[in-house]
Structure formats: structure tokens, C-alpha cells
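Asker: Provided herewith is a single structure, encoded as C-alpha cells, for subsequent inquiry.
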Amino acid sequence: MNQTELHPSIISLVSLSAMIACNHPKQGLCQLDKLREYGVTPEQIDMVIEIARHFRDEAARTFDARFDEAMKPAVAAPAPEATAGSCCTPTKSGISCC
């Protein structure tokens, strides 16, 4: 493996995270066995799952808030979810995703 290649465990973690975050029908379940084979701990897998779910849920809330805002009359107050300066919020357990 050269310096530009990623370790297979990193690729599996990224795949798992992406599949969860985008609500992929396969849910990344095929990655779990690979991650266990690579020696990734359950705690590390749980952290990746938590971050992916956080992104998925945050995206859904933001989408819904923007859609709801567009459906309101023009005099309504802006949606509270719209925080322009913040690019990352921690997960429920406080894990930073940035």
C-alpha cells in the first residue's frame, strides 16, 4: 500500500457512514463484518454510526425547516434551525463531527 491509498478499514468506515447518512437501502450493514475483520472496535464503529446519524438527522431537520419556511406567509419569523455561521454541531453525546 502506498502513501496515497487509504487503509481498507478507513474505506469501510467511510462507506458505512455515507450509507447511513444518505439513508441507503442497504444501510451499510455489509461493512460491519469487514470492520470487525479489520479489528475496528465496537466503540469506534458506534462513534462513526453516531456521527453519520447526526448528519442524516441534521440534514433532514434543515431540509424540513427550509421547506416549512417556504410554505409560511411572508410575514412569518425565520426558522430557528437556520444558523448560518455554524458548519458543525456536536452529536447528542458531544462527539465533534468536525
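Asker: Of a type outside the set (D, E, K, R), touching a Leu at 6+ places or on another chain (Cβ under 8 Å) and at pLDDT below 85: does that describe G28?
Answerer: Numbers: of a type outside the set (D, E, K, R): yes; touching a Leu at 6+ places or on another chain (Cβ under 8 Å): yes; at pLDDT below 85: yes.
Yes, satisfied.
Asker: Please work out which residue is nearest to the chain's Cα centre (by Cα), limiting yourself to region 24-43 and to residues that are touching a residue at least 12 places away in the same chain (Cβ under 8 Å) and surrounded by 12 or more Cβ atoms within 10 Å (Cβ to Cβ).
Answerer: Start the filter on region 24-43 by keeping residues that are touching a residue at least 12 places away in the same chain (Cβ under 8 Å), which leaves 28, 31-32, 34-35, 38-40.
Among the residues that remain, those that are also surrounded by 12 or more Cβ atoms within 10 Å (Cβ to Cβ) are: 28, 31-32, 34-35, 38, 40.
Numbers: G28: 13, Q31: 16, L32: 16, K34: 20, L35: 18, Y38: 22, V40: 19 Å.
Residue satisfying both the conditions and the ranking: G28.
Asker: So the check is Cβ under 8 Å with 6+ separation or different chains; which pairs have a first residue in region 58-87 that's outside any helix (DSSP H, G or I) and at pLDDT 90 or above and a second one that's among the aromatic types (F, W, Y) and surrounded by fewer than 12 Cβ atoms within 10 Å (Cβ to Cβ)?
Answerer: That search, which allows pairs on different chains as well, returns nothing.
The values are calculated or read from the model by the stated rules, or taken from the named source; none is laboratory data. Note that the coordinates shown come from a computational prediction; the quantities given were computed from them, not determined experimentally. Every residue, glycine among them, receives a Cβ derived from its backbone with ideal geometry; neighbour counts consider all protein chains shown.
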